[in-house]
Structures are given as C-alpha cells and as structure tokens.
Amino acid sequence: MNRIKAEIISIGNELLAGITVNTNAAYLAKQLRSVGVETFWITTIADQKEDILAALKTASQRARVVISTGGLGPTPDDITKRTICEFFGVQLKFDAQVFEDVRRFVTKRKFFLNQVNREQAVIPECDRVLRNLKGTAPGLYFNRNEVHYFFLPGVPHEVYHLTEKDILPMLKEIFNLQPLKTHLLRTTGIPESRIIEKIGDLVETYKNIRIAFLPRFRGVDLRFTAPDNNARTLSDFDALVNGVRQRLQKYIFTEDELEIEEIIGRILKLKLFTLSVAESFTGGLIGDMITNIPGSSDYFLGDAVTYSNESKMKLLGVQAQTLEKFGAVSKETVTEMVRGVQKLFGSKCAVATTGIAGPTGATETKPIGLCYIAARVGDEERVMKFEFGTERIMNKRRGAIAALELLRRLLLKID
C-alpha cells in the first residue's frame, strides 16, 4: 500500500518566538491520519518571503499533500498571498464571492466594513477557493504536478472549519481513501513505563499494528492504527486492542475522545447522584473542570475552596485538634474535609484534596508534592496518599485528575 505523505507548513513569527502554541499542526496531523494520510514533516517558518518559497519548494519535492497555515490576514506582516502568486506564477484578483462572504461575516459581527476587509477578497488565482464562513480570510487550493496544496488562515477555529468542510472530503475524493481502522484507549493513574511493562509482549507480538504512547499530565493515551485494511491485519488489530484492554482495564476511563470530568458527569447522571467538592491545594481546579461540562448543574452542587485552616474548620467542620495533631496535609484532615463537604451540600458523592503544592511549605516529613485525596459515595469512603513532584502548577493539575479518578473508581467499585 502506497503511503500518502503530507507536510504541514506553519507560518508565523509568533510560533517561532514561543508566544503562540502551534495547535494547528497537531490538529491537522491528527485529522489527516484519520483519513489515511500520514504527516511526515511539520515545518515552522517566519513570515518571510524567502522562507515561505523555500518551504514550499522542499515540500513539493517530498509530499503529495501540503497544508500551510497562517499569513493570509490583512496585516502588513501577512505576505503569504503575494508569495503564493510568485511560487505558482499567478496573479492576485478580486473575488466577488469572497467579498460577499466577508461582508456577511463583518455585518453579522456588527463591525464596519472597511478597505482592509475588501483587501481580504483580493486573492491569488487558484484552482478552488475554500469559502471561510467563520472568518474573513478564505482558504486556497492548488493542484500542481499531482501535489495538492491547501493554504489556510492561522486562526484555529477557522482551520478546523475549513479542514472538516473542504480538505478532508477533497482528499478522500482525490485519493479514493478508505479510512484506516483506529482505536483509542485513554488511561490515567499509571505511568508510561508501567504500561509498557504490562503490555510489552503484546506490542512485540503484533508489530504490524502501530501503537502510539501519548503521555499527558492527565494520563497516557494509547492510539492504535491498522496500516491497511486486509483481513489478517484487522484480526491482529482487534487481538492487540482486546489484549491491552484486558491488562489495563482498571486504568482505562474511556475509549472515546472524552476527558475524565466528562466521564464522571455521565456516571453521576446515569446514577442520579450529586457531587460536592472541598479543595485546598488544588484551589478550585476540580470545580472548574467539572463546570466546564455542559449540563453539570444537574449533578454538581458546589465547591468549597478551603485554603486556610480556619476555613477548613468554619466551613467543613474540621476539628482544631485534628489540624494540631496531624496537620492540614494528612489523611485525618482530608477525611474530615470530605465528610464535611458532603454534609455541607447534602450531596451523595464528595471529593476533597489537601496537599503541599510547592515550592515552599515542605517539612522534613512532608515534602513538596505530598497530598491526600478522599472520595465518598454515600457512606463508602476511600483515601489515598500521593507524592507528585516539585512543580506547583503540575501538582495542582495532577491532584485534580487524581481526585476525579479516585471518585470514578469508587463509583464503579474498581479496586
């Protein structure tokens, strides 16, 4: 099976300066892979004519699909349109349909249509204009010597819009693509090294199946891809996925593109349970994650951010002698916190966190990164101790994920 190679060219001084994270390239590579096109190169360059020309020339010699993002805006540093004209030997022209799209977009946003907006409708003569209904810069398509070029604006939601509306359907038609079989296992609570230890022999047995280990602060994603669609390959694919699923079962919280807070919400809705949260070192992060999910008001009652000892006592009923004897970061304190917040809100379920986020606050017996997390479902209760590390923000994030995972396992009665 011939592999269709793609190159993504990201144009923008802000990308090279580290001011803006290049999320477009990651998104595009993932989308291309979903239809059977593999990204072999991601090139990031400045808004410089010579750099753009060099990148396009290189890409044209090694890729069948070239997607460029950025540089199509109306500002002086956006020079991509003129450079495209030089590379393909075409002229700029006014496009009435693009102008009408721009006019409608600007009017809808209640902005004044000015000369800069009109300039957005002056575009290189191309094989196809990709109408942008989410912004003012259209996408452009060229076919030269069986290399397919797509030029997109750099705004992420516009990239997503044009990719899903135009690029993916076009590539499927051009190459008569049959999507490769893929599968996701999303884990948490187990490091990548332990995963490899548990499933290494399976990976070795089914070498023909591609498996990507993708660590995140939330956990590790395992993405499986079948290199082709023949019967033997698909049989091996299923055998590998099923084998990995069986060995990592308790760590897998979803097999879809969902986050753990979404999974928690679905479980709570299904069981008709409510939830409350008490947070110390996580500082409200758990509540923020939960309320990012539409419909969370159906099950989420509230979040008590009790950062000080005084607030733990006043709001949650933590005993002064508990704090004095065991300290704020202790199994005893987090137990009283989770019981207290459950009582405070009258919820069926509750979680609580207390810990030392860092970089200060450590003692000889309590290092930075130490935390205790508790979860309750009715009268059933679990408490766990963690030592995450020395980075404050990462400790807060890991603590929030660990709290939700502890609750998930308690809800599902997973040991």
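The values are calculated or read from the model by the stated rules, or taken from the named source; none is laboratory data. In this text, all values refer to a predicted model and were calculated from it rather than measured experimentally. As a convention, Cβ positions derive from the backbone with ideal geometry for all residues, glycine included, and neighbour counts pool all protein chains shown.
When MET337 is tested against (1) out of contact with any helix residue (DSSP H, G or I) (no Cβ under 9 Å at 6 or more places or on another chain); (2) assigned to a helix (DSSP H, G or I), only condition (1) is not met. Checking each residue in the range 43-88 for being among the charged types (D, E, K, R) and in a helix (DSSP H, G or I) picks out LYS49, GLU50, ASP51, LYS57, ARG62, LYS81, ARG82, GLU86. The set of residues in the range 212-258 that are free of Cβ contacts under 8 Å to residues at least 40 places away in the same chain and either among the β-branched types (Val, Ile, Thr) or not assigned by TED's automatic domain parsing to the domain that holds SER193 (or both) comprises VAL220, THR233.
The criterion of at least 2 residues that are modelled with pLDDT under 95 is met, among strands (runs of 3 or more DSSP E) falling completely within the range 114-173, by 122-124.
Does ILE373 qualify as being closer than 21 Å to LYS250 by Cα, assigned to a strand (DSSP E or B), touching a residue at least 24 places away in the same chain (Cβ under 8 Å) and aliphatic (A, V, I, L, M)? Criteria met by ILE373. Please find, within the range 268-305, the residue that is surrounded by the most Cβ atoms within 10 Å (Cβ to Cβ) out of those that are out of contact with any Cys (no Cβ under 8 Å at 6 or more places or on another chain), in a strand (DSSP E or B) and touching a residue at least 40 places away in the same chain (Cβ under 8 Å). Selected residue: ALA278.
Summed over the range 220-261, residues that are assigned to a helix (DSSP H, G or I) and in contact with a Lys or Arg (Cβ under 8 Å, 6 or more places away or on another chain) total 5. Of all residues in the range 29-42, none are acidic (Asp, Glu) and in a helix (DSSP H, G or I).
Total residues in the range 203-219 satisfying the condition of being in a loop (DSSP other than H, G, I, E, B) and under 16 Å from the mean Cα position of the chain (by Cα): the figure is 2. LEU177 passes every criterion in (1) in contact with a Lys or Arg (Cβ under 9 Å, 6 or more places away or on another chain); (2) among the hydrophobic types (A, V, I, L, M, F, W, C); (3) surrounded by fewer than 19 Cβ atoms within 10 Å (Cβ to Cβ) apart from (1).
Within the range 345-355, one or more residues are farther than 23 Å from ARG218 by Cβ, at pLDDT 95 or above and in a helix (DSSP H, G or I). Apart from one condition, GLY18 fits all of (1) touching a strand residue (DSSP E or B) at 6+ places or on another chain (Cβ under 9 Å); (2) more than 20 Å from ASP228 (Cβ to Cβ); (3) not in a helix (DSSP H, G or I); the exception is (1). With the condition kept exactly as written, say whether any residue in the range 179-196 is outside any helix (DSSP H, G or I), under 22 Å from ASN230 (Cβ atoms) and free of Cβ contacts under 8 Å to residues at least 40 places away in the same chain. Checked against the condition, which is being outside any helix (DSSP H, G or I), under 22 Å from ASN230 (Cβ atoms) and free of Cβ contacts under 8 Å to residues at least 40 places away in the same chain, the range 179-196 yields no hits at all.
In this entry, LEU53 is excluded by the filter for residues that are under 19 Å from the mean Cα position of the chain (by Cα) and at pLDDT 90 or above.
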